[in-house]
Amino acid sequence: MAANEISDGRTPTRLLTAPYPVPYYAQIASPWLAFAFFEKRMPAWLDPHWAESGAFSLEEYVYWTNRACGAACVKMAVEALDGSKRSLLEWARQGAALGGYLSEKREDGSSLERGWLHRTLAEMMQAEGFFAEARRLTPDEFVPALSEGGMIIASVSHEIGTSRAITKRGGHLVLVFGAELADDQLQAVILHNPSGRSPALQAAARIPLERFAAAYTGRGIVVKPLP
């Protein structure tokens with residue numbers, strides 16, 4: 001893990017960043033339309049680049065636009081560690097085929113979304129030849145994992161990718177690959193958010209610890225190269 005010191009005249013901060021480039025992928029084909037899709041409810045079928053997701057059909061693409069955060073995080077982590085390069089929807093289909101995405105139909109025809117099983121996402125990355133462990137961990141435990149050259153797929157509220165207040169925990173996944181520390185205390189996390197509503201909240205978004213903690217469930221997946 002690379003470390004850089006930053007000072008603004010107050011307490012110097014230390015930035016830990018991955019020793020390898022971590023690519024960014026959104027859970028939609030046109031990330032610049034994220035605000036329109038997720039906040040203004042622009043129909044996903046209007047995405048002009050939907051086919052670049054690897055979807056077999058527009059219907060398949062539309063289905064996954066609100067569900068592909070786990071697939072996007074796996075894609076980013078695997079490619080960062082020099083694993084195989086697959087389309088977003090290839091990862092989503094693989095995870096679904098393994099029973100890794102849970103969605104139940106209600107009697108009224110609506111869906112109850114339970115989301116991605118962390119252990120299945122971990123198994124997908126293990127199959128690529130990497131260490132991946134789904135477990136509970138505190139934000140402070142991110143630092144040792146990051147210092148060992150790892151990343152964390154963290155379970156948070158989607159609100160972390162908006163400018164709104166955090167009102168709940170969980171329901172969304174992001175990839176944490178950096179940390180900002182002051183006096184060795186965690187101050188902020190650096191992450192890729194597949195559904196961030198603006199560029200600043202998508203790739204390498206800096207999220208203050210207090211805001212991150214309010215959205216975080218305490219569960220994540222540590223992924224790193226095998227020794």
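Of all residues in region 135-157, exactly one satisfies the criterion of being of a type in the set (Gly, Ala, Ser), surrounded by 13 or more Cβ atoms within 10 Å (Cβ to Cβ) and in a helix (DSSP H, G or I), namely Ala145.
Within region 162-185, being under 22 Å from Pro21 (Cα atoms) and touching a Phe, Trp or Tyr at 6+ places or on another chain (Cβ under 8 Å) holds for Leu173, Val176, Ala179. When restricted to residues that are open to solvent by 10 Å² or more (accessible area, probe 1.4 Å), farther than 17 Å from Val174 by Cβ and assigned to a loop (DSSP other than H, G, I, E, B), region 32-74 contains 11. Tell me yes or no: at least one residue of region 12-19 is surrounded by 11 or more Cβ atoms within 10 Å (Cβ to Cβ), modelled with pLDDT of 95 or more and either of a type in the set (D, E, K, R) or part of a loop (DSSP other than H, G, I, E, B) (or both). So far as region 12-19 goes, no, none of its residues is surrounded by 11 or more Cβ atoms within 10 Å (Cβ to Cβ), modelled with pLDDT of 95 or more and either of a type in the set (D, E, K, R) or part of a loop (DSSP other than H, G, I, E, B) (or both). Note on region 75-94: among residues that are small (Gly, Ala, Ser) and out of contact with any helix residue (DSSP H, G or I) (no Cβ under 6 Å at 6 or more places or on another chain), the one that is surrounded by the fewest Cβ atoms within 10 Å (Cβ to Cβ) is Ser84. Among the candidates Ala200, Ala205, Ala188, which residue alone is without any contact (Cβ under 8 Å) to a residue 60 or more places away in the chain and within 20 Å of Lys75 (Cα to Cα)? Of Ala200, Ala205, Ala188, the one residue that is without any contact (Cβ under 8 Å) to a residue 60 or more places away in the chain and within 20 Å of Lys75 (Cα to Cα) is Ala205.
For region 167-186, filtered to residues that are under 17 Å from Tyr25 (Cα atoms) and in contact with a Gly (Cβ under 9 Å, 6 or more places away or on another chain), the residue that is surrounded by the most Cβ atoms within 10 Å (Cβ to Cβ) is Val174.
Per-residue answers, yes or no, for (1) open to solvent by less than 40 Å² (accessible area, probe 1.4 Å); (2) not in a loop (DSSP other than H, G, I, E, B):
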| position | (1), (2) |
| --- | --- |
| Gly115 | yes, yes |
| Glu123 | no, yes |
| Glu133 | no, yes |
| Glu159 | yes, yes |
| Ala165 | no, no |
| Val223 | yes, yes |
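The values are calculated or read from the model by the stated rules, or taken from the named source; none is laboratory data. Not measured: the values here are computed from a predicted model. As a convention, Cβ positions derive from the backbone with ideal geometry for all residues, glycine included, and neighbour counts pool all protein chains shown. In case anyone asks, the SASA skips ligands and DNA or RNA and just uses the protein heavy atoms, side chains included. Shrake-Rupley method; radii C 1.70, N 1.55, O 1.52, S 1.80 Å.
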